[in-house]
Structures are given as structure tokens and as C-alpha cells.
Amino acid sequence: MKLSAAILTKNSKGIIGALIDNLSFCDEVVVVDDFSEDGTDIVARQHDAKVLKRQLNGNFAKQRNYALDYCSGEWILFVDSDENVSEDLKKEILTAVKSNTISGYQIKRSNQFLGITLKYGEAGTVKLIRLARKNSGKWERNVHEYWNVKGKIGKLKECLDHNPYQSLGEFIEKINIYSSMHAKANFKEGKKSSILKIAFYPVMKFLSNYIFKKGFLDGNHGFVFALLMSIHSFLAWSKLWIMQTKIK
């Protein structure tokens with residue numbers, strides 16, 4: 001049963017080699033590089049990955065579908081450049097792809113935030129379809145994309161390790177970038193912003209993360225994470241409102 005791994009990346013020279021080596025249990029590793037400027041593609045080729053060059057243009061679904069079309073395996077595993085597959089998860093994946101009845105699998109993601117693993121809030125409850133049969137479905141939505149897999153979905157027990165932010169400044173920078181992409185996606189989908197949404201949604205985002213999803217049990221880290229995600233919500237809805245006012 002041939003298994004392909006697909007990675008989307010940009011300017012990940014320092015970590016891409018270790019990730020490709022981490023995926024050596026797969027039959028092939030396909031890297032879609034968004035025209036990195038730091039030699040990421042060179043390092044990826046040195047570690048025997050197949051490298052494709054394609055501009056992201058703010059659309060993660062199209063980028064993932066591009067990788068999906070190129071992969072030759074019957075099963076495809078999507079891993080981001082800031083993720084890692086543990087030995088236990090590797091074993092579980094190799095067993096999972098032997099199934100004759102499952103189309104895809106949800107994998108829980110273990111999120112690192114400023115030195116600790118968040119166990120609560122939205123970061124502690126993330127489950128994503130990342131392993132599926134190649135022809136079972138396509139990725140949808142520009143940002144916060146998801147794999148729309150048709151058929152029976154299973155769940156893996158082991159977690160995918162995720163360590164996206166090495167500093168608070170890097171997290172804030174990503175919030176600015178992703179809130180812009182989220183606003184553009186909402187605009188394209190015809191969603192509308194308002195002063196009420198700008199004021200109300202960030203508050204509800206904070207309460208959801210910190211209170212309802214028990215982010216307070218992660219201590220100070222849980223509070224900071226909940227606050228930053230509420231800022232993301234504020235920026236996304238504010239940027240959408242600005243986009244709306246410009247076309248009037």
C-alpha cells in the first residue's frame with residue numbers, strides 16, 4: 001500500500017530537512033514550495049523529496065490540491081512544515097492505511113505554545129483529517145481549509161506534534177497575516193462584517209477559549225492564547241469591514 005506525504009512550505013530551510021527525514025516511513029515525500037528565498041527547496045531535494053514550485057496566492061486549498069494531484073500514493077498524509085510525526089503515530093498510520101473500509105482519518109494535533117503543550121481551549125481540541133485515500137475528496141476554502149473526504153472517517157489515537165511559534169512576536173506576526181487572509185476568504189464567500197460583529201465576536205472568541213473550552217486550566221499560557229485569538233477575530237472582522245467600505 002503506497003503512502004505519500006505532502007508538505008506545503010515557504011522559507012523553512014532550518015526545519016524542512018528534519019521533517020522530511022521524520023517522514024522516511026512514507027514511500028515518497030512531496031514538497032510544494034511557495035518560492036522560498038532561503039534555499040528551502042535545495043535542502044528538500046538534498047533529503048530526497050520531490051519538490052514542486054507554486055505560488056500560494058492566499059489559497060491553501062488549491063495549494064494542497066496541487067500536492068494531492070501530484071502524489072502517486074493510494075494514501076496521502078498531509079504534514080505542515082512545523083509539525084512532527086511521533087514514532088507511535090507512525091506505527092498507527094502504517095496500520096491504518098491497510099483498512100479496506102475507511103476513506104480518511106482524523107488526527108488530533110498537540111499544539112505547543114511558548115514552551116508548553118496546550119491541553120484546553122481550541123488549541124487543545126483540534127482534530128483534522130490529514131490522512132486519506134487520494135481520490136476520496138478535495139481540499140476546500142482558501143484559509144482554515146479542510147479536506148472534504150467522502151466516505152467513512154476513522155480517528156487515530158496518537159497526536160500530531162505542532163510547534164508553530166517560537167516567540168510571541170512570531171505569533172503576533174502570523175495573526176496579522178492570517179487575519180488578512182481570513183478576511184479575504186470571508187469577503188469572497190459573501191460574508192458581511194459590522195460594528196456589532198467587530199465588538200461582539202472577539203469577546204465571544206475569548207470566552208469560548210478561556211471559559212467554555214477551559215483554557216484557564218492552561219494557566220497564564222491559556223489566558224494569553226485566548227486573548228491573542230480574540231485579537232485575531234477582531235482583526236479579521238475589522239479588515240473585512242474595511243474591504244466592504246472600499247467598494248461602496
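Please specify each residue of region 64-99 satisfying the condition of being polar (S, T, N, Q), more than 21 Å from the chain's Cα centre (by Cα) and in a loop (DSSP other than H, G, I, E, B).
Result: S72, S99.
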Legend entry - Those residues of region 135-162 which are more than 14 Å from the chain's Cα centre (by Cα) and assigned to a strand (DSSP E or B), in sequence order: G137, K138, N148, V149, I153, G154, K155
Inset, instruction - For region 204-212, indicate whether the set of residues that are in contact with a Pro (Cβ under 9 Å, 6 or more places away or on another chain), assigned to a helix (DSSP H, G or I) and under 21 Å from V224 (Cα atoms) is non-empty. - result: no
Inset, instruction - Look through region 84-99, keep the residues that are among the small types (G, A, S) and open to solvent by 20 Å² or more (accessible area, probe 1.4 Å), and return whichever of them is modelled with the lowest pLDDT. - result: S99
Legend entry - Odd one out for G190 among (1) touching a residue at least 24 places away in the same chain (Cβ under 8 Å); (2) at positive phi: (1)
Legend entry - Filter result (open to solvent by 30 Å² or more (accessible area, probe 1.4 Å), in a strand (DSSP E or B) and among the hydroxyl-bearing types (S, T, Y)) within region 100-134: T117
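So that you can scan it fast, the table gives a plain yes or no per residue for (1) at pLDDT 95 or above; (2) touching a strand residue (DSSP E or B) at 6+ places or on another chain (Cβ under 6 Å); (3) among the polar types (S, T, N, Q):
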residue	(1), (2), (3)
S12	no, no, yes
D21	yes, no, no
D27	yes, yes, no
V32	yes, yes, no
D38	no, no, no
Q46	yes, no, yes
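For region 21-78, what are the residues that are at positive phi and among the small types (G, A, S)?
Selection gives G39, G58.
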Inset, instruction - Report, by residue number, each residue of region 175-195 that is open to solvent by 60 Å² or more (accessible area, probe 1.4 Å) and closer than 21 Å to A61 by Cβ. - result: I177, Y178, K184, F187, K188, E189, K191
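The values are calculated or read from the model by the stated rules, or taken from the named source; none is laboratory data. These numbers were taken from a predicted model, which means no experiment stands behind them. Note that we place each Cβ from the backbone using ideal geometry, even for glycine, and neighbour counts take in every protein chain shown. Just the protein is used for accessible areas: all its heavy atoms, side chains included, with ligands, DNA and RNA removed. Shrake-Rupley method; radii C 1.70, N 1.55, O 1.52, S 1.80 Å.
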